[in-house]
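K.L.:
Right, I'll just put the structure down here and ask away after.
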């Protein structure tokens, strides 16, 4: 389920991420994680939601997402 739109999609269609020590990363294989759908990767709500999940500023989330993509 996508954390932004709450839409349900097959896992292979979603991007799996996690926050470790206030760093946004692709899923490492262990620990808590969350999913983003393709549509919500460009959503205006994305930065607000991810900043709450990772407990960091929105600008930091923008920077970390650019590094991942």
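Since every read-out is calculated from the coordinates, none of them should be taken as a lab result. Predicted model, so just to flag it, every value in this text is computed and none were measured. Cβ sites come from the backbone with ideal geometry, for glycine too, and all protein chains shown count toward neighbours.
K.L.:
What does DSSP give for the chain in terms of the percent of beta bridges that are antiparallel, rounded to the nearest 5?
P.N.:
Counting DSSP beta bridges with both partners in the chain, the antiparallel share is about 90 percent.
K.L.:
Please give the FRET efficiency for residue 59 paired with residue 9, using the beta carbon to beta carbon distance and R0 = 22 Å, rounded to the nearest 0.05.
P.N.:
0.20
K.L.:
Nearest 500 deg cm²/dmol is fine: what mean residue ellipticity at 222 nm does the chain get from its DSSP H runs of n ≥ 4 alone, each adding -39,500 (n - 2.57), divided by its residue count?
P.N.:
-8500 deg cm²/dmol, from helical runs alone.
K.L.:
Limiting things to C-alpha atoms, what are the Rg and the maximum Cα-Cα separation (Dmax) for region 1-52, in angstroms?
P.N.:
Expressed in Å, the Cα Rg and Dmax of region 1-52 come to 10.6, 29.
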